[in-house]
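Notes for the one structure printed next.
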Amino acid sequence: MLSESSAAVVTATLPAVQAHGTEITGRFYQRLFAAHPELLNIFNRGNQASGAQKAALAGAVVAYAAHLTGGATVPWGPILDRIAHKHASLGITPDQYTIVGRHLLAAVGEVLGEAVTPEVAAAWDEVYWLLACELIAREARLYAGAGLAEGEPVWREWRVTGQTEEAVDVVSFTLEPVDGGDVPGFTPGQYTSVAVDLDHGRGQQIRQYSLSGRPGADHWRITVKRVRGHAGVPDGVVSTFLHEHVSIGATLRLSPPFGEVSAVTGDGPLLLVSAGIGLTPAMAALEHLAVTAPERPVVLVHADRAGAAHAFRAELPRLHAALPNLRTTLWYERVEPGDEVDPVAVSPGRVDPKMIPLSPDSHVHLCGPLPFMNTVRGGLLRRGVPVERIAYEVFGPGMLRDDRG
Ligand SMILES: Cc1cc2nc3c(=O)[nH]c(=O)nc-3n(C[C@H](O)[C@H](O)[C@H](O)COP(=O)(O)OP(=O)(O)OC[C@H]3O[C@@H](n4cnc5c(N)ncnc54)[C@H](O)[C@@H]3O)c2cc1C
Ligand code: HEM
């Protein structure tokens, strides 16, 4: 808990910090990378360039300060879990919190100037360390749960043993540990971080990919959509690298499985709603249930631009044969002759949440672009699905806004 004196100072200075949040974290990253250029290999340079990560960090610190001073009612557990799982998948260590804290607080001082008296600095230092300690504790539990000894790196070498073109610009890689050891189990919905050494000495970059194969198999599978540049925005760095430079025989560094979102919660009816490459966690769920609970009632609603863009289309007949209570509805923005896949019909256009087949006690898992998930989640909430039954995964920094829109 924040001390009483610090709470009063934080409450008084929160509006100023909030107003300058993005500027503060922008300055923070400049300082951080100038002093510790090696951290450029851990942070996502795409998110840096687009500003997404700046907003995520600023948002988290300010929201936590508001939470500590009673100014917000956001449930913090899920937010901390999301950050801790992401951090664990990147191998973030407690000593890095000291570095980040030092530069973050110095950036507050630089941006707010004389307003940052020693009392103000001490109060914000307290906020930072309360948050940091919560995260460090959660991350320590995650590392231990993944079987890592204290300080043991998260990275392990995996060899690409298979490569499948799943759709236009979508490729799956199957991977096996180079050391021949165990393939860790995972919950459908979990992801691995993939670290690649870019060519031309551009250093390392790390991205997360959902495990799209069956938990318990003797290999892992990830499925990567190539992110193409448009209108002055460059091609995605890691997805392009994986598509262009990685093939059977190559090795990649992967983290253990992390991720707080399960795609198979409960044992009653399950509704999986996905769009585009957001299908990957649902695939792990379907492969898993086909073996562990084939009778479970499952509805899969998947949206895509067109049949040619829809990864795993060819798997649907096999999954329907293995899961007799699976019902699939597909929505393609462009339906072309031959797009029907027995026993599944395809509707034209975008998913209409009112048309989603729903059981009263369904657990829901959503994954796709944010606007898609906002629309579907809003529609399901309006149809009476309790908010706690809707889990979702965002393939980037951040979470959904918590409205019923
Ligand atoms: C939990 C989780 C699971 C995921 N699972 C999958 C999965 O199963 N399959 C999958 O394909 N992906 C998945 N992703 C997404 C994946 O991690 C990557 O984000 C994705 O592959 C893009 O990475 P990239 O390096 O190719 O693109 P980046 O280089 O990171 O670029 C991404 C975007 O950043 C923006 N950007 C980059 N540079 C600039 C710039 N200079 N100016 C403005 N904007 C810029 C652009 O919009 C660009 O499209 C997942 C993400 C998360 C968090
Ligand atoms: C109290 C301190 C910290 C807070 C509040 C914080 C907050 C966050 C948040 C909100 C995200 C985005 C999570 C998501 O939605 O995906 C994130 C991601 C990340 N954090 Fe932290 N973080 C902290 C400390 C650190 C430290 C010490 C490091 C290590 C240097 C670090 C490195 C990263 C990286 C590399 C990412 C992923 C960024 C990306 O790839 O875009 N963070 N953090």
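The values are calculated or read from the model by the stated rules, or taken from the named source; none is laboratory data. From a predicted model like this one, the values you see are computed outputs, not experimental measurements. Here Cβ is always computed from backbone atoms with ideal geometry, including for glycine, and neighbour counts include all displayed protein chains. Quick note on the areas: whole protein, heavy atoms, side chains included, nothing else; ligands and nucleic acids left out. Shrake-Rupley method; radii C 1.70, N 1.55, O 1.52, S 1.80 Å.
In this structure, is Met373 crowded, with 20+ Cβ neighbours inside 10 Å and in the same structural domain as Ala293 (by TED's automatic domain parsing)?
On the way: crowded, with 20+ Cβ neighbours inside 10 Å: yes; in the same structural domain as Ala293 (by TED's automatic domain parsing): yes.
Yes; evaluated as a whole, the condition is true for this residue.
Sort out which residues of segment 133-157 are over 20 Å from the mean Cα position of the chain (by Cα), open to solvent by 40 Å² or more (accessible area, probe 1.4 Å) and among the hydrophobic types (A, V, I, L, M, F, W, C), and write them in order of number.
Cys133, Ala137, Ala144, Ala149
For residues that are in contact (Cβ under 8 Å) with a residue 60 or more places away in the chain and among the charged types (D, E, K, R), scanning just segment 184-221, find the one that is nearest to ligand 1 (Cβ to nearest atom).
Arg207
Looking only at segment 213-272, how many residues end up being within 16 Å of ligand 2 (Cβ to nearest atom), assigned to a loop (DSSP other than H, G, I, E, B) and hydrophobic (A, V, I, L, M, F, W, C)?
Count: 2.
Among the residues of segment 340-370 satisfying the criterion of being open to solvent by less than 30 Å² (accessible area, probe 1.4 Å) and within 22 Å of the chain's Cα centre (by Cα), which is farthest from ligand 2 (Cβ to nearest atom)?
Among them, the one singled out is Val364.
Is at least one residue of segment 186-195 modelled with pLDDT of 95 or more and open to solvent by 40 Å² or more (accessible area, probe 1.4 Å)? It would help to see each step written out before you state the result.
First pass over segment 186-195, keeping only residues modelled with pLDDT of 95 or more: 186-195.
Adding the requirement that they be open to solvent by 40 Å² or more (accessible area, probe 1.4 Å) leaves 187.
Scanning segment 186-195 turns up at least one residue that is modelled with pLDDT of 95 or more and open to solvent by 40 Å² or more (accessible area, probe 1.4 Å).
Please specify each residue of segment 94-132 satisfying the condition of being free of Cβ contacts under 8 Å to residues at least 60 places away in the same chain, open to solvent by less than 50 Å² (accessible area, probe 1.4 Å) and within 30 Å of Gly189 (Cα to Cα).
Correct list: Gln96, Tyr97, Ala132.
All but one of (1) part of a loop (DSSP other than H, G, I, E, B); (2) under 30 Å from His243 (Cβ atoms); (3) away from ligand 2 (no atom under 16 Å from the Cβ) hold for Leu148, so report the exception by its number.
(2)
So, of the residues in segment 158-183 that are outside any strand (DSSP E or B) and without any contact (Cβ under 8 Å) to a residue 24 or more places away in the chain, which turns out to be most open to solvent (accessible area, probe 1.4 Å)?
Of the residues in segment 158-183, the ones outside any strand (DSSP E or B) are 168-169, 178-183.
Retained after the next criterion (residues that are without any contact (Cβ under 8 Å) to a residue 24 or more places away in the chain): 179-182.
Details: Asp179: 103, Gly180: 65, Gly181: 32, Asp182: 131 Å².
Within segment 158-183, the match that is most open to solvent (accessible area, probe 1.4 Å) is Asp182.
For segment 378-405: of the residues being at pLDDT 95 or above, within 17 Å of Gly189 (Cβ to Cβ) and open to solvent by less than 20 Å² (accessible area, probe 1.4 Å), which is nearest to ligand 2 (Cβ to nearest atom)?
Once the filter is applied, the top-ranked residue is Glu393.
Based on this model, can you work out whether Val224 counts as touching a Leu at 6+ places or on another chain (Cβ under 8 Å), aliphatic (A, V, I, L, M) and either within 8 Å of ligand 1 (Cβ to nearest atom) or open to solvent by 40 Å² or more (accessible area, probe 1.4 Å) (or both)? Lay out the reasoning, then the answer.
Details: touching a Leu at 6+ places or on another chain (Cβ under 8 Å): yes; aliphatic (A, V, I, L, M): yes; either within 8 Å of ligand 1 (Cβ to nearest atom) or open to solvent by 40 Å² or more (accessible area, probe 1.4 Å) (or both): yes.
It is true that Val224 is touching a Leu at 6+ places or on another chain (Cβ under 8 Å), aliphatic (A, V, I, L, M) and either within 8 Å of ligand 1 (Cβ to nearest atom) or open to solvent by 40 Å² or more (accessible area, probe 1.4 Å) (or both).
For segment 1-66, which helices (runs of 4 or more DSSP H) that fit wholly inside it have 1 or more residues that are modelled with pLDDT of 90 or more? Step through it out loud before you land on a result.
Working: elements: 4-19, 21-35, 45-50.
It comes to 4-19, 21-35.
Being open to solvent by less than 50 Å² (accessible area, probe 1.4 Å) and of a type in the set (Ser, Thr, Tyr) is the requirement here; does Ser247 meet it?
Working: open to solvent by less than 50 Å² (accessible area, probe 1.4 Å): no; of a type in the set (Ser, Thr, Tyr): yes.
In short, no.
Before we move on, is Glu333 open to solvent by 10 Å² or more (accessible area, probe 1.4 Å) and either closer than 23 Å to Gly259 by Cβ or part of a helix (DSSP H, G or I) (or both)? So that I can check it myself, show each step before the final result.
Details: open to solvent by 10 Å² or more (accessible area, probe 1.4 Å): yes; either closer than 23 Å to Gly259 by Cβ or part of a helix (DSSP H, G or I) (or both): no.
Spelling it out, it is not the case that Glu333 is open to solvent by 10 Å² or more (accessible area, probe 1.4 Å) and either closer than 23 Å to Gly259 by Cβ or part of a helix (DSSP H, G or I) (or both).
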